[in-house]
């Protein structure tokens with residue numbers, strides 16, 4: 001079974017990632033993983049932590065001579081900031097006087113619910129694991145999933161379509177998304193420069209007032225075959241798996257596959273994608289892609305388009321009202337170093353989560369203990385599709 005897990009805390013020694021279920025023979029480039037980690041750290045509105053960390057992966061298991069060997073893959077990403085926390089978060093019993101307690105829980109975070117659930121007197125251990133720093137490990141795993149999918153011609157990228165109230169008024173093309181992701185000076189990841197400047201102005205205003213900004217990112221995957229996922233059971237539907245994957249990301253509060261929001265306010269005749277057939281290519285295609293590439297829980301051969309709705313980051317320099325856990329008296333929420341806007345970074349994390357789900361769907365459908373076997377099964381299926 002294709003499965004991943006992460007471990008580690010925001011200010012701990014490192015982040016750990018394990019990935020099981022990959023076939024042997026997949027070429028793995030560590031620099032490609034490091035590039036994805038770099039992309040996650042970019043974007044206008046990022047905080048001071050990005051100036052401390054230079055994330056690089058160390059693969060310690062499952063890859064030898066540049067290829068997977070069919071065993072679980074293990075990765076480590078060191079936390080450079082750990083040197084400042086060694087006495088505050090030791091593994092062995094340490095001096096509790098050096099413990100950096102968080103007794104004033106932050107609204108919108110896991111702080112209070114987690115402290116109550118795990119019976120901690122303060123929220124330090126909760127926020128250490130609940131932090132979006134954990135997604136660094138997910139991006140590393142997603143980078144491996146991307147390298148697996150590339151063997152089948154599948155590509156995945158993201159872009160930003162909204163920051164605060166500023167929104168792209170049209171659908172971005174794949175070529176535009178490729179172009180914006182090739183820029184080395186990442187701003188906000190919007191394909192329209194004029195709209196991006198308006199987004200920047202909103203982030204500037206949030207920073208000036210001690211506030212934060214949310215937005216919407218879109219992940220696009222192309223080159224997918226027809227038939228990944230299934231209509232047969234609730235938990236085999238691919239859109240359901242994608243929704244869970246995206247909502248599992250910190251600060252994401254909603255998911256949209258295709259034109260869900262606009263479609264809900266339209267007549268059915270304006271929403272469904274008409275079906276056509278190209279006799280020269282011997283393939284079916286849709287007149288539009290309002291479904292976002294999924295119908296009945298299965299891919300339909302069009303581009304997969306999934307959007308994540310990201311709330312503004314909960315940690316504010318201008319803290320909101322809270323209650324002190326020790327005194328039970330009203331107090332301002334604690335402030336931990338944080339970002340102002342992370343929508344572009346969330347798009348990169350979204351890519352990783354989509355890649356993980358799609359890699360799992362490909363392995364579920366085509367199997368194979370080696371990449372060669374999986375590709376042979378895949379080619380056989382494509383021939384079946386062509387002959388349909």
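The values are calculated or read from the model by the stated rules, or taken from the named source; none is laboratory data. These numbers come from a predicted model, not from an experiment. So basically every Cβ, Gly included, is an ideal-geometry build from the backbone, and we count neighbours across all protein chains shown.
See the values below:
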| item | result |
| --- | --- |
| Conditions (1) modelled with pLDDT of 95 or more; (2) part of a helix (DSSP H, G or I); (3) under 27 Å from the mean Cα position of the chain (by Cα); (4) loosely packed, with under 14 Cβ neighbours inside 10 Å: number failed by residue 116 | (3) |
| Members of the range 204-217 found to be in contact with a helix residue (DSSP H, G or I) (Cβ under 9 Å, 6 or more places away or on another chain) and either surrounded by 24 or more Cβ atoms within 10 Å (Cβ to Cβ) or modelled with pLDDT under 95 (or both), listed by number | 211, 212, 213, 215, 217 |
| Checking residue 301 against (1) within 18 Å of the chain's Cα centre (by Cα); (2) outside any strand (DSSP E or B); (3) under 20 Å from residue 155 (Cβ atoms), the condition it does not meet | (1) |
| Of the criteria (1) part of a helix (DSSP H, G or I); (2) under 28 Å from residue 158 (Cα atoms), which one residue 82 fails | (2) |
| All positions within the range 161-204 that are within 21 Å of residue 39 (Cβ to Cβ), in contact with a strand residue (DSSP E or B) (Cβ under 8 Å, 6 or more places away or on another chain) and assigned to a loop (DSSP other than H, G, I, E, B) | 168, 172, 188, 189, 190, 191 |
| From the options 37, 89, residue that is outside any helix (DSSP H, G or I), in contact (Cβ under 8 Å) with a residue 40 or more places away in the chain and either surrounded by 14 or more Cβ atoms within 10 Å (Cβ to Cβ) or out of contact with any helix residue (DSSP H, G or I) (no Cβ under 7 Å at 6 or more places or on another chain) (or both) | 89 |
| Qualifying residue in the range 12-32 (condition: out of contact with any strand residue (DSSP E or B) (no Cβ under 7 Å at 6 or more places or on another chain) and under 25 Å from residue 315 (Cβ atoms)) | yes |
| Single residue of 47, 43 found to be in contact (Cβ under 8 Å) with a residue 24 or more places away in the chain, surrounded by 15 or more Cβ atoms within 10 Å (Cβ to Cβ) and touching a helix residue (DSSP H, G or I) at 6+ places or on another chain (Cβ under 7 Å) | 43 |
| Criterion violated by residue 254 - all others in (1) in a strand (DSSP E or B); (2) touching a residue at least 60 places away in the same chain (Cβ under 8 Å); (3) within 26 Å of residue 127 (Cα to Cα) satisfied | (2) |
| Residues (part of a strand (DSSP E or B) and more than 16 Å from residue 112 (Cα to Cα)) located in the range 307-331 | 307, 308, 309, 310 |
| Extreme residue, nearest to the chain's Cα centre (by Cα), among residues of the range 318-342 that are loosely packed, with under 15 Cβ neighbours inside 10 Å and within 14 Å of residue 212 (Cα to Cα) | 337 |
| Within the range 271-295, considering residues that are surrounded by fewer than 16 Cβ atoms within 10 Å (Cβ to Cβ) and in contact with a helix residue (DSSP H, G or I) (Cβ under 8 Å, 6 or more places away or on another chain), the one modelled with the lowest pLDDT | 282 |
| Test set (1) more than 25 Å from residue 386 (Cβ to Cβ); (2) crowded, with 19+ Cβ neighbours inside 10 Å - residue 263 fails condition number | (2) |
| Lone qualifier among 141, 126 - being surrounded by 15 or more Cβ atoms within 10 Å (Cβ to Cβ) and either within 29 Å of residue 377 (Cα to Cα) or touching a strand residue (DSSP E or B) at 6+ places or on another chain (Cβ under 8 Å) (or both) | 141 |
| The range 1-31, residues that are modelled with pLDDT of 95 or more, assigned to a loop (DSSP other than H, G, I, E, B) and exposed (fewer than 15 other Cβ atoms within 10 Å of the Cβ) | 29 |
| Among residues of the range 64-79, those that are under 26 Å from residue 133 (Cβ atoms) and either assigned to a strand (DSSP E or B) or out of contact with any strand residue (DSSP E or B) (no Cβ under 8 Å at 6 or more places or on another chain) (or both), counted | 6 |
